[in-house]
1. Restricting attention to the range 163-216, report how many residues are basic (Lys, Arg) and touching a Cys at 6+ places or on another chain (Cβ under 8 Å).
2. Residue by residue through the range 189-221, note down the ones that are under 17 Å from residue 159 (Cα atoms) and within 16 Å of the ligand (Cβ to nearest atom).
3. Evaluate the range 153-160: report whether one residue or more is over 21 Å from residue 79 (Cβ atoms), touching a helix residue (DSSP H, G or I) at 6+ places or on another chain (Cβ under 9 Å), more than 10 Å from the ligand (Cβ to nearest atom) and among the small types (Gly, Ala, Ser).
4. Just the residues that are more than 16 Å from the ligand (Cβ to nearest atom) and in a helix (DSSP H, G or I), please, taken from the range 256-295.
5. Within the range 161-188, restricting attention to residues that are under 16 Å from residue 223 (Cβ atoms) and not in a helix (DSSP H, G or I), which residue is nearest to the ligand (Cβ to nearest atom)?
6. Out of (1) more than 16 Å from the ligand (Cβ to nearest atom); (2) surrounded by fewer than 20 Cβ atoms within 10 Å (Cβ to Cβ), what's the single condition that is false for residue 143?
7. Within the range 218-250, how many residues are of a type in the set (Gly, Ala, Ser) and part of a helix (DSSP H, G or I)?
8. Scan 63, 142 and give me the residue that is outside any helix (DSSP H, G or I) and touching a residue at least 60 places away in the same chain (Cβ under 8 Å).
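The values are calculated or read from the model by the stated rules, or taken from the named source; none is laboratory data. Keep in mind the model is a prediction, meaning the values are calculated, not measured. Virtual Cβ from ideal backbone geometry, glycine too; neighbours counted across all protein chains shown.
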Amino acid sequence: MPVAMAKSKPAVAPKSVTISNKMTLPKELQKNMLDLMIKSRVLEERLIKVYKTGDSFFWIGGPGEEAFGVSLGLLINKGQGIDHDFLHLHYRASPTLVTLGMSMLDAIRLTMNRATDVSTGGRNFCGHYCYPQWNVTPITSPLTVQYGFAIGTALAQRRRRPKGNRAITIVTGGDAASAEGDFASSLIWASRPGNELPMFITIQNNRWGISTSYDSQHGEKHVSDRAKAFNIRTAVINGNDPIECYLGIQSEMDYIRRSGKPVCAEFEVSRLFGHSSADGANRRQEHDPVPAFEKRIIDQKIMTSAQVKELWDKYEEESVRAADQARSEAGPTRESVWENVYVGNENADWRKF
Ligand SMILES: Cc1ncc(C[n+]2csc(CCOP(=O)(O)OP(=O)(O)O)c2C)c(N)n1
């Protein structure tokens, strides 16, 4: 008897495609955002080429999430330690990290598994960054665990609120990942009455979990709707619109900083090159936030098309130089395998944290 496949809904799902003309931001900020979005895209396209030319074993990353990721990066209270925001990101976070200051060279070094890779010493794979100086905790391969880790830093931040600390904990992840238990745990811990946590719980909904469609798995309209049962404030934001993202993130972060309470926000984003190199990393027909924002900026005479082209050319050249440099560097040695297993030394006084 044939397996009843016909019951699941079609895999193709609608995407948000409009860039709001009603909302706006200062011109210099819009220019900066476009610059960072282009830089992030050029970097990811270089990483895909690095994979396809055999210079890395794997590719996964963030093309299609630039509007969300850059906006997030610009609004973070950046720094190290409990007085700054903590970031528990997933493997599509390159636009946020480029905005925080990650260089193309560092991203390519990780992708090529070079010993010079500052995130993992060449030991982890593409997109699994770690930047302690910006409170970016190690990005993990097991899905959703970051929602559990985030509870810890948010609890520590809550304890410091009486001293005036307004730092928050930010966690990102995919729609399919929200099926795992750690996502539910984060909602529960963030919303205990009288013990609420300053957590920005976000979901980047690209409507896919590798090859499984959102519509075949989710009875709820939005993943963020699940937080309503916990009395958590929710938002659904067009993650393809940089202006809506910036204003939406700003307003939700303001609420968290002021109240010390959580928000669960869902961003509708594109997945422009498929899941990863595992399904070919080929370009798909989905809304592309970068040229859409570029067109808006040119139409509004904030930049000329020649100025925008200069940005693409500048970053293309930087990406080629960075790839050449990384290619010339060595991989990790056999002897270094036990390095960086523990941070700091065994005599650290953990009670201070
Ligand atoms: C605990 C766990 N289960 C399964 C996987 C395999 N896996 C890696 S990515 C992925 C899909 C995740 O989809 P989603 O959370 O929607 O994020 P997206 O990749 O679409 O951004 C799966 C199932 C994993 N890495 N970890």
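1. Filtering the range 163-216 down to residues basic (Lys, Arg) leaves 163, 166, 192, 207.
From the residues that got through so far, the ones that are touching a Cys at 6+ places or on another chain (Cβ under 8 Å) too are none.
Residues meeting the conditions: 0.
2. Within the range 189-221, no residue meets the criteria.
3. First, pick out the residues of the range 153-160 that are over 21 Å from residue 79 (Cβ atoms): none.
No; the residues of the range 153-160 include none that is over 21 Å from residue 79 (Cβ atoms), touching a helix residue (DSSP H, G or I) at 6+ places or on another chain (Cβ under 9 Å), more than 10 Å from the ligand (Cβ to nearest atom) and among the small types (Gly, Ala, Ser).
4. Of everything in the range 256-295, those that are more than 16 Å from the ligand (Cβ to nearest atom) and in a helix (DSSP H, G or I) turn out to be 256, 257, 258, 259, 290, 291, 292, 293, 294, 295.
5. Initial filter on the range 161-188 (under 16 Å from residue 223 (Cβ atoms)): 171-188.
Then drop every residue that is not not in a helix (DSSP H, G or I), which leaves 171-175, 180.
Working: 171: 13, 172: 9, 173: 6, 174: 2, 175: 4, 180: 6 Å.
Residue satisfying both the conditions and the ranking: 174.
6. Only one criterion is unmet by residue 143, namely (1).
7. 4
8. On the way: 142 fails: touching a residue at least 60 places away in the same chain (Cβ under 8 Å).
Being outside any helix (DSSP H, G or I) and touching a residue at least 60 places away in the same chain (Cβ under 8 Å) holds for just one of 63, 142, which is 63.
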